[in-house]
Amino acid sequence: MTSLTSTDTLARGLTGRLLLRGDDGFDRAATPWNLAVRQPVAAVVEAADPDDVAAAVRWARSAGLAVAPQSTGHGASGDVEGAVLLRTGALDDVAVDPERRVARVGAGASWGAVQAATAPHGLTTLLGSAPGVGAVGYTLGGGLGWFGRAHGLAADHVRSFDVVDAAGGRATVTAESDPDLFWALRGGGGDLAVVTAMEVDLEPVPAFSGGRLAWPAERALEVLDVFRAVTATAPDALSLWLSRVEAPGAPAVVVVHAAYLGDADGARDLLRPFAAVPGVLGPGLGAAIGPVGLADVGDITADPTDPAAGRSRAELLARVDDEAVDRLFTSPTAPLLVLQLRHLGGALASPGDDAGALGAITEPYLLYGFGLAFEPGLATAVGNRLAELPTELRGLATGRKPATFLSPGESASAAYDEGALARLRDLKRSRDPRGTVRGSYPLLG
């Protein structure tokens with residue numbers, strides 16, 4: 001590890017806080033949202049404003065250290081040994097211009113906060129399912145969420161980024177001012193510059209509906225067959241996720257989560273084939289699927305909001321009409337907590353000529369597995385089970401995955417095609433030859 005001499009110089013130049021190992025609060029500040037990920041950083045800077053970010057980058061560069069930006073830490077990989085962890089949570093301003101349908105979002109703002117600001121205007125961002133996730137980090141990785149089938153990746157709706165570059169200089173990056181960096185930041189991860197804010201386009205939503213339906217796991221194959229049939233003809237306004245869930249101490253269930261950019265009657269009509277599967281748990285289709293407030297999108301899946309220890313893996317699938325998928329959803333999931341199949345396609349598969357680094361996602365489905373990892377034995381068992389998935393899905397899994405679905409131990413190379421990866425790496429070498437900025441999944445790692 002490079003020397004941490006002259007940290008007093010950095011501390012005096014900050015409005016925020018510098019924490020070193022041994023300081024009160026250091027361990028808490030160095031811990032990401034995923035408690036299973038260890039971050040052996042040399043120091044933590046809790047930035048109060050963009051000037052703090054620039055000061056931290058300049059100091060780290062002069063000291064020969066890397067800076068690892070992070071807001072919530074949902075996407076943490078642990079690949080930060082000896083780095084300066086740059087916490088951007090205080091940069092959480094959100095400003096909405098409803099006339100222009102644009103929002104300015106600080107690096108520390110969560111999707112829940114952004115959506116709360118846009119929803120009163122009948123506008124939405126292209127958020128994911130969990131409102132606690134940081135909006136900027138999600139977008140830098142592409143941003144694959146509920147409205148992707150209708151509108152594409154969140155990254156392809158960015159107008160500009162405010163950044164601190166690897167030399168500590170501040171700039172606003174647009175398609176006109178710096179087309180190469182603008183392309184790279186839209187889906188290329190956080191390895192090229194520290195983003196302090198972004199400006200994003202918003203989409204009008206006259207009506208939004210959704211909800212979830214659940215059955216005992218014994219009905220998994222019937223539900224999966226209907227899921228295949230409905231997703232084969234679904235309009236782009238409808239997004240469906242199918243999950244097999246095995247919570248500790250509870251019976252296994254299969255759950256369909258639905259989000260529809262339209263009214264509740266339209267959603268129920270599209271989902272009516274599921275009503276033919278007997279044994280639904282709780283309210284039936286008519287009550288379970290209804291209007292959803294734009295500020296309440298997170299209620300559809302009710303993802304955990306408190307930090308937890310877990311391990312996950314994702315695989316993009318070329319198709320799901322295969323016995324391997326049947327086996328996965330009709331067999332016990334343990335030690336995994338959830339196995340989830342997400343329908344993609346639509347605008348994700350044809351993003352247009354101005355798409356960012358992630359490009360098109362042509363695979364029609366994504367499989368996501370997650371398990372708790374709060375003790376070593378369980379963590380090992382979950383990791384081993386997740387590692388088996390690519391073999392079980394041979395011929396279906398393409399080997400590529402969106403950057404926001406990379407997991408610790410995986411490489412950024414899995415997220416991009418050869419041309420995009422080569423372009424990103426060339427930009428890294430030219431814009432940050434010292435490796436001062438370190439994303440969760442380094443481009444040259």
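The numbers here are math on the coordinates, done by the rules we state, and not lab data. Since this is a predicted model, take the numbers as computed values, not measurements. Cβ atoms come from the backbone with ideal geometry, glycine included; neighbour counts cover every protein chain shown.
Annotations
- Estimated FRET transfer efficiency (Arg425, Ala275; beta-carbon r; R0 35 Å; 0.05): 0.10
- A simple spin-label model places pseudo-atoms 7 Å from Cα toward Cβ; at Glu375 and Arg319 they are separated by 4.4 nm.
- Region 294-445, Cα convex hull volume normalised per residue, Å³: 166
- Kirkwood-type hydrodynamic radius, region 92-133: 10.2 Å, calculated from all non-identical alpha-carbon pairs.
- Diffusion coefficient of the chain by Stokes-Einstein, Kirkwood radius over Cα pairs, 20 °C, 1.002 mPa s: 96 µm²/s.
- Projected area averaged over orientations for region 182-304, convex hull of C-alpha atoms, nm²: 10.4
- Expressed as a fraction of 2.2 N^0.38 Å, the value expected for a compact globular protein of N residues, the C-alpha radius of gyration of region 376-427 is 1.40.
- Taking the C-alpha atoms only, the angle from helix 376-392 to the longest principal axis of the chain is near 70 degrees.
- Percent of C-alpha pairs per 10 Å bin, region 7-87, short to long: 20, 57, 22, 1
- Value of [θ]222 nm, deg cm²/dmol, for the chain, DSSP H segments ≥ 4, -39500 (n - 2.57) each, nearest 500: -7000 deg cm²/dmol
- Working from label points 7 Å from Cα in the Cα-to-Cβ sense, the Glu218 to Arg170 distance is 6.4 nm.
- Here the gap between Thr398 and Asp296, fully extended at 0.36 nm per residue and compared with their Cα-Cα distance, gives a gain of 33.4 nm.
- Top of Val37, Val292, Val205 by mean-square fluctuation, Gaussian network on the chain, Cα under 10 Å: Val205
- The gain in end-to-end length when the Thr305 to Asp265 segment is fully stretched comes to 11.4 nm, 0.36 nm per residue minus the alpha carbon separation.
- Inter-label distance for Asp23 and Thr233, nm, one decimal - labels placed 7 Å from Cα along Cα-to-Cβ: 6.2
- Under DSSP loop assignment and at most 12 Cβ neighbours within 10 Å, longest trypsin sites (Lys or Arg not before Pro)-free interval of the chain: 101-318
- Relative contact order [Cα under 8 Å, 6+ residues apart], the chain, whole percent: 17
- Leu35-Ser413 FRET efficiency (beta carbon distance; Förster radius 22 Å; 0.05 resolution): 0.20
- Test item: Cα-centred dipole of the chain, Lys/Arg +1 and Asp/Glu -1 on Cβ, debye: 680
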